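I have placed the structure first, in the form of structure tokens, so that the comments after it can refer back to it.
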Amino acid sequence: MDGYLHLADGESYKGIWSGPAPEANVKGEIVFFTGMTGYQEVLTDPSYRDQIVVFTYPLIGNYGINKEDAESIQPQPAAVIVYEAETDCFHYESEMSMSEYLKKWNIPVLSHIDTRSVVKRIRQHGSMPAALAKDASFDGAFDLSEGLKVSKVSTQKEMVYGNGEKHIVLFDFGYKKSILDSLLKKQCQVTVVPYDSTFESIKALNPDGVLLSNGPGDPKDLHKYLPEIKKVIESYPTLGICLGHQLAALALGGNTKKMLFGHRGANQPVCDRETGQVFMSSQNHSYVVDEESIQQAGLSARFINCNDGSVEGLSHQVLPLVTVQFHPEAHPGPADSEFIFDEFIELVTTTKRRVVNYA
């Protein structure tokens, strides 16, 4: 059955539904992922919440879906666009096809789309609203006001994992399971807390360090929580990843801005200004920290994107803080930047922070 992808810039593409057609039009911001593998991790990454994801590799789904590689308990995109969706799976761990998996969660898949053409338009015109429809005609209404995305993916209550010597509080703005796994491998006890947790509630947990996680949406949508995040950063060794990196910058007085089409994929080159080393990273973000704004916040750009010079990570002049725009847990992607977790644990081990009394 034919289906259609309509872009906000006026372009439309005809494809074929891989699975049932949606009853109503499906809308979302359209973005793309360039990796050849890792589609299950992408589909379950909460940072893709309510987006329409275009996979650029022409064949997606050939090794199916398994239990081990999910980054959250359900797929997160509003819809998926591929050239070809493979229904026969060729991996011993596979339990179902990608199409079956997404059908279970009522997420439509539109195949036989010229994904190269779609990505070229995104690169030219930027990430934009889009809609999937059963009809070639479209009314042009792209209202994407959906409230705070982070609230849709964050835990509603505290959850404790592991029994290690170091106690880390993980702010859940939409964290990936691989981040939790990375901390558990470092022999940490991890308490996952809701995105809107207060400084006093964190203080009551008596952590050794805090991790601000990745998540979906514009970091400025969380402006009301920045004062509490600032108190946390000023009181505990802190690691910020992706959205958490952006929130740390905003909380300390920096600024963020939206990119044309963002960084997505598993091959983004990053330079560490401290060591001069270049490594490959996995990334998924539409917003970036404005380097011109960070000096007044006591921050400096430690990591820089080799392609466009954008900020990929921060350090602070005084506070025990490290932030990264990329994903050091890198699922999918290279393991080049896993050292960030080692640096964080070292920071937690060597820094004795006195909790500030904000009463």
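The values are calculated or read from the model by the stated rules, or taken from the named source; none is laboratory data. Because the structure is predicted, anything quoted here is derived from the model rather than measured. Note that we place each Cβ from the backbone using ideal geometry, even for glycine, and neighbour counts take in every protein chain shown. For accessibility, only protein heavy atoms count, side chains too; no ligands or nucleic acids. Shrake-Rupley method; radii C 1.70, N 1.55, O 1.52, S 1.80 Å.
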For the chain, using Cα atoms only, the Rg and Dmax in Å read 20.3, 63
Rounded to the nearest 500, the 222 nm mean residue ellipticity computed for the chain from DSSP H runs (n ≥ 4, each -39500 (n - 2.57)) alone is -5500 deg cm²/dmol
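If you count, for each residue, the other Cβ atoms within 10 Å and average over each peptide, how do 208-218, 308-318 line up from highest to lowest?
Working: 208-218: 25.0, 308-318: 18.5.
Descending packing order for the listed peptides: 208-218, 308-318.
Can you tell me the relative contact order of region 217-359? Whole percent, Cα pairs under 8 Å, sequence separation 6 or more.
27 percent
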Sorted largest first, the Cα spans of region 203-244 on the principal axes come out in Å as 29, 19, 15
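Normalized C-alpha radius of gyration of region 84-134, against 2.2 N^0.38 Å?
Values: Rg = 14.3 Å, N = 51, 2.2 N^0.38 = 9.8 Å.
It is 1.46.
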At the level of C-alpha centres, the distance separating region 53-96 and region 1-46, in angstrom, is 13 Å
Note: region 198-290, point scatterers on Cα, Debye, no solvent; log10 I/I(0) at q = 0.16, 0.20, 0.24 Å⁻¹ equals -0.74, -1.03, -1.24
Region 12-63: spread of alpha-carbon positions along the three principal axes, whole Å, largest first, is 29, 23, 20
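Rounded to the nearest 20 Debye, what is the dipole magnitude of the chain about its Cα centre when Lys and Arg each give +1 and Asp and Glu each give -1 at the C-beta?
Values: 32 positive and 46 negative charges, 151 e Å.
In debye, rounded to 20, the chain gives about 720.
Could you give the accessible area per residue of region 160-270, probe 1.4 Å, as a whole number in Å²?
Details: 3750 Å² over 111 residues.
Result: 34 Å² of accessible area for each residue.
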With Cα springs under 10 Å, the Gaussian network model of the chain assigns the largest mean-square fluctuation among Asn267, Asn106, Asn307 to Asn307
Computed over region 53-134, protein heavy atoms only, probe 1.4 angstrom, the accessible area per residue in square angstrom equals 48 Å²
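Just need the Rg to Rh number for region 1-106, please, alpha carbons only, Kirkwood Rh. The partial results should precede the final answer.
Numbers: Rg = 13.3 Å, Rh = 14.2 Å.
My calculation puts Rg/Rh at 0.94.
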What the 10 Å binned alpha carbon P(r) of region 160-211 shows, as percent of pairs per bin from 0, is 27, 58, 15
Taking only the alpha-carbon atoms of region 89-172, the convex hull volume per residue, in cubic angstrom, is 242 Å³
Listed residues Val42, Val150, Val26; largest mean-square fluctuation, Gaussian network over the chain with Cα springs below 10 Å, found at Val26
Cα-based Rg and Dmax for region 20-175, in Å, come out at 16.9, 60
Using the Kirkwood radius over Cα pairs of region 213-348, the Stokes-Einstein translational diffusion coefficient at 25 °C and 0.890 mPa s, in µm²/s and rounded to a whole number, is 168 µm²/s
On the accessible surface of the chain, probed at 1.4 Å with all protein chains in place, carbon and sulfur together account for a percent value of 47 percent
Rounded to two decimals, the Debye log10 I(q)/I(0) of region 270-352 (Cα scatterers, no solvent) at q = 0.15 Å⁻¹ is -0.55
Projected convex hull area of region 46-117, Cα atoms, direction-averaged, in nm², equals 4.7 nm²
